[in-house]
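Engineer: Once you've had a glance at the structure underneath, I'll fire off some questions.
The values are calculated or read from the model by the stated rules, or taken from the named source; none is laboratory data. As the structure is a prediction and not an experimental result, all values here were calculated from the model. Don't worry about glycine lacking a Cβ; one is built from the backbone with ideal geometry, like all the others, and counts go over all protein chains shown. Please note that ligands, DNA and RNA were not included when accessible areas were found on the heavy atoms of the full protein model with its side chains. Shrake-Rupley method; radii C 1.70, N 1.55, O 1.52, S 1.80 Å.
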Amino acid sequence: MTRLKRIRIALFVIFLSLYAQSIELQDIVKTKEVKAGKQKEKIVLENNIVVTNLVGNSLLIGTDFGEVLELTLYEKSLKRIIKLPNIANFYTESYAPKVYSVDKFEDKILIHSEGNYGSKNLFLLSQGKLKNLPNIESLNIKKATFVNETQIFLGLASNEIMLYDLNKNQILYRKQLSEASFSDFALELENRNYVVACESGILYFGDIESGEVLVEMEGENRDNVYQVKLAKVGDIMTFITAGQDRKAGVYRLNLQTNVVESYGISANFLVYSVGLNKDSTLGAYMQNEQSEISIFQIVDKQEVALLSGHMSLLNNIIFTDSHLISSEDGKNILIWNLKE
């Protein structure tokens with residue numbers, strides 16, 4: 001064997017050794033990534049997401065192109081339920097409206113969307129027919145959801161709440177909570193309770209049937225609360241808030257004594273979205289400008305996972321039994337497997 005051949009063979013052996021080490025290193029890195037974070041699946045839409053709402057196994061999605069979409073989680077099938085008619089304003093004769101909130105009760109879908117010339121529309125879609133609900137055309141609705149088959153709960157920009165009867169097409173009550181601007185509400189339908197968040201940072205917890213405020217909670221957010229979630233376990237109702245003051249707030253209300261315990265968690269950016277699992281053991285919040293999601297234990301604030309992957313600001317975080325769903329102001333929905 002010539003000297004040149006021996007050199008070539010030696011170089012080839014060195015190359016194989018380095019290649020093997022590279023493959024081994026890549027495998028280690030991948031294993032660490034899976035262990036440190038959570039496996040995720042990305043759903044990419046054609047248009048920007050405005051709102052998401054989980055109803056059973058269906059994720060309802062409203063976009064800025066007048067669409068209502070439905071993603072069946074376990075089948076991973078995405079379908080368009082409806083494309084709303086175009087609207088007009090003082091600058092544009094025809095464009096697609098934004099869908100601000102969407103909810104479902106059996107075969108009925110409630111759609112709150114942008115209307116003509118700065119107004120808001122509230123539609124009921126049933127058996128393929130789209131009906132614009134009467135007697136509320138002039139109201140500046142910010143959010144709408146079903147209470148049951150015949151009633152819907154509304155939040156207005158003026159921080160008023162309303163209960164509306166679909167059979168009678170009339171408002172059952174309209175109640176002003178404060179002078180602060182409305183931000184968000186969430187419902188607990190088993191006990192027929194609501195919680196409303198507003199720009200003052202105060203939470204109003206009350207009765208859906210009468211609109212009466214039962215408890216006011218404050219102290220963890222000194223500014224606007226973008227989003228609020230709640231969950232009930234036994235006599236304890238837990239709330240989590242997303243604050244403009246870069247804090248996620250947690251409140252625990254004893255329903256028997258009305259005693260409230262609370263704490264706050266500081267983030268590195270405005271907290272636009274939060275999540276809470278149904279047994280109130282885990283919370284989640286948008287931690288920073290990169291839209292990383294911190295999952296923590298409610299009992300002791302201990303972080304258990306940090307999820308990365310979004311490129312735009314978050315607009316919702318939803319826990320299921322085994323997954324976390326996060327949506328953004330862009331086109332992406334990420335579904336994280338919390339069991340792996």
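Engineer: Trypsin sites (Lys or Arg not before Pro), restricted to region 148-236: which are DSSP loop and have at most 12 other Cβ atoms within 10 Å?
Structural biologist: Within region 148-236, the qualifying trypsin sites (Lys or Arg not before Pro) (loop, at most 12 other Cβ atoms within 10 Å) are Lys168.
Engineer: Taking only Cα atoms, what is the 0 to 90° angle, nearest 10, from helix 3-36's long axis to the longest principal axis of the chain?
Structural biologist: That helix lies at roughly 20 degrees to the long axis.
Engineer: To continue, here is another question. For region 138-295, divide the Cα radius of gyration by the Kirkwood radius and give the resulting Rg/Rh value with two decimals.
Structural biologist: Taking Rh as the inverse mean 1/r over Cα pairs, Rg/Rh reads 0.97.
Engineer: Which distance in Å, rounded to a whole number, links the C-alpha centroids of region 70-104 and region 160-218?
Structural biologist: 26
Engineer: When ranked by the protection proxy of mean other Cβ atoms within 10 Å per residue, highest first, what sequence do the peptides 309-315, 206-212 form?
Structural biologist: 309-315, 206-212
Engineer: On to the next question. Add +1 for every Lys or Arg and -1 for every Asp or Glu among the other residues with Cβ under 14 Å from the Cβ of Lys278, and state the total.
Structural biologist: With Lys, Arg at +1 and Asp, Glu at -1, the net is -2.
Engineer: Given the rule -39500 (n - 2.57) for each run of at least 4 DSSP H residues, summed and divided by the residues of the chain, what is its mean residue ellipticity at 222 nm, to the nearest 500 deg cm²/dmol?
Structural biologist: Working: 1 runs with 34 residues, N = 340.
The helix-only estimate for the chain comes to -3500 deg cm²/dmol at 222 nm.
Engineer: If you take the alpha carbon radius of gyration of the chain and divide it by 2.2 N^0.38 Å, what ratio comes out, to two decimals?
Structural biologist: Taking the Cα Rg and dividing by 2.2 N^0.38 Å, one obtains 1.20.
Engineer: Give me the distance in nm between label points sitting 7 Å out from Cα along the Cα-to-Cβ direction at Tyr117 and Lys175, one decimal.
Structural biologist: It is 3.5 nm.
Engineer: What is the sum of charges around Leu166, taking Lys and Arg as +1, Asp and Glu as -1, for the other residues whose C-beta is under 12 Å from the C-beta of Leu166? Each step should come with its number before you reach the end.
Structural biologist: On the way: positive: Lys108, Lys131, Lys168; negative: Glu149, Asp165.
Surrounding charge for Leu166 is +1.
Engineer: Which entries of Lys142/Lys278; Lys98/Lys232; Lys83/Lys120 show an alpha-carbon separation above 21 angstrom in the structure shown?
Structural biologist: Exceeds cut-off: Lys142/Lys278; Lys98/Lys232.
Engineer: Could you state the number of Å between the C-alpha centres of region 261-336 and region 233-250?
Structural biologist: 12
Engineer: Give me the net charge of Asp64's neighbourhood, meaning all other residues with Cβ under 12 Å from the Cβ of Asp64; Lys, Arg count +1, Asp, Glu -1.
Structural biologist: Charge balance near Asp64 sits at -2.
Engineer: Report, ordered by chain and residue number, the aspartates and glutamates lying within cross-link reach of Lys108, taken as a straight Cα distance under 12 Å and ignoring same-chain residues fewer than 8 apart.
Structural biologist: Straight-line reach from Lys108, under 12 Å: Glu149.
Engineer: Near Lys42, which aspartates and glutamates are there with a Cα under 13 Å away, not counting those fewer than 8 places off in the same chain?
Structural biologist: Glu328
Engineer: Which FRET efficiency value, to the nearest 0.05, is calculated for Asn140 and Val304 with the Förster distance at 35 angstrom and r the Cβ-Cβ distance?
Structural biologist: 0.30
Engineer: Taking R0 as 35 Å, what FRET efficiency do you get between Asn268 and Tyr95 from their Cβ-Cβ distance, rounded to the nearest 0.05?
Structural biologist: Taking R0 as 35 Å, the efficiency between Asn268 and Tyr95 is 0.45.
Engineer: Under a GNM of the chain (C-alpha, springs under 10 Å), which listed residue has the highest mean-square fluctuation: Glu75, Glu41, Glu179?
Structural biologist: Looking only at Glu75, Glu41, Glu179, the largest GNM fluctuation is found for Glu75.
Engineer: Moving to a separate point now. Quick one: with all protein chains in place, what share of the accessible area of the chain is carbon or sulfur, to the nearest percent (1.4 Å probe)?
Structural biologist: C and S fraction of accessible area: 48 percent.
Engineer: To the nearest 0.05, what FRET efficiency results for Glu41 and Arg192 with a Förster distance of 30 Å applied to their C-beta separation?
Structural biologist: Values: r = 35 Å, r/R0 = 1.18.
According to the calculation, E is roughly 0.25.
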